[in-house]
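Report on the structure given below.
The values are calculated or read from the model by the stated rules, or taken from the named source; none is laboratory data. Nothing here was measured: the structure is a model prediction, and the numbers come from that model. Here the Cβ positions follow ideal geometry from the backbone for every residue, glycine too, while neighbour counts run over all protein chains shown. The accessibility values were calculated without ligands, DNA or RNA, using every heavy atom of the protein model including side chains. Shrake-Rupley method; radii C 1.70, N 1.55, O 1.52, S 1.80 Å.
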Amino acid sequence: MALDAAEIVIRRGEQRDIPAVAALLHETWHHTYDPLMGAEAVERMSRAWHRPEALARQLTARGARFLVAECDGAIVGHAYARAGRQNAVFLARLYIDPAHQRRGIGTELLVHLLPGFPGARILELSVVKQNRAAVDFYRRCGFVIRGESTEDGVALLLMRRDIEAIPGV
Ligand SMILES: CC(C)(COP(=O)(O)OP(=O)(O)OC[C@H]1O[C@@H](n2cnc3c(N)ncnc32)[C@H](O)[C@@H]1OP(=O)(O)O)[C@@H](O)C(=O)NCCC(=O)NCCS
């Protein structure tokens, strides 16, 4: 579904957004990964990785971009990317509230991330191999699989694409 620009605002995250971003990540992680990894493991990882103080540090991290998507004053999406090796940008997080998925918000967040990295040529990420919906989304956005790895027993796909080819940029 096309994104209704009047409804969705994409902007840089601010300190006041941190509780809502932490809540969004917590809910979306359980929705996405519970069926793949079990709720207990997801709870443990989410608590460790989405601590408000850690997220707050990322707001101002050098060479990084922290965006939120807002709908009627509520945070419904979040993306975080940081400069990677050489001309690459690493997409560390892209999460959309389950109730707002398939509205074009993920695509729009990707597009808005890139002006923050003017010299970058490549966008890369790792995605849980079993997360077929996300793999399909990234494929649809032009990413290709460049390798595989395992982290804490979880199989990951490494995906990449040239930045020039992202629609809308
Ligand atoms: C994956 C995710 C980021 C995609 O964002 P989104 O806003 O829902 O996706 P968009 O609406 O921009 O989708 C664009 C296209 O990608 C493809 N796509 C998106 N979600 C898909 C899904 N669940 N299954 C198959 N294809 C999908 C479709 O081709 C879609 O176009 P269409 O809706 O016109 O068919 C989002 O659904 C999400 O947060 N999922 C849960 C968390 C997650 O897995 N994040 C990625 C971690 S690496």
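Side notes on the structure shown:
- Taken together, the criteria exclude residue 74 from residues that are at pLDDT 95 or above, within 13 Å of the ligand (Cβ to nearest atom) and open to solvent by less than 50 Å² (accessible area, probe 1.4 Å).
- Checking each residue in segment 77-112 for being among the hydrophobic types (A, V, I, L, M, F, W, C), touching a helix residue (DSSP H, G or I) at 6+ places or on another chain (Cβ under 6 Å) and more than 8 Å from the ligand (Cβ to nearest atom) picks out 79, 81.
- Residues of segment 24-43 include at least one that is open to solvent by 10 Å² or more (accessible area, probe 1.4 Å), over 14 Å from residue 97 (Cα atoms), in contact (Cβ under 8 Å) with a residue 24 or more places away in the chain and within 12 Å of the ligand (Cβ to nearest atom).
- If you go through segment 74-99 and keep only what is under 14 Å from the mean Cα position of the chain (by Cα), closer than 13 Å to residue 24 by Cα and not hydroxyl-bearing (Ser, Thr, Tyr), you end up with 75, 76, 77, 78, 79, 93, 94, 96, 97, 98.
- Filter result for the condition that a residue is open to solvent by 50 Å² or more (accessible area, probe 1.4 Å) and touching a His at 6+ places or on another chain (Cβ under 9 Å), over 82, 57, 47: 47
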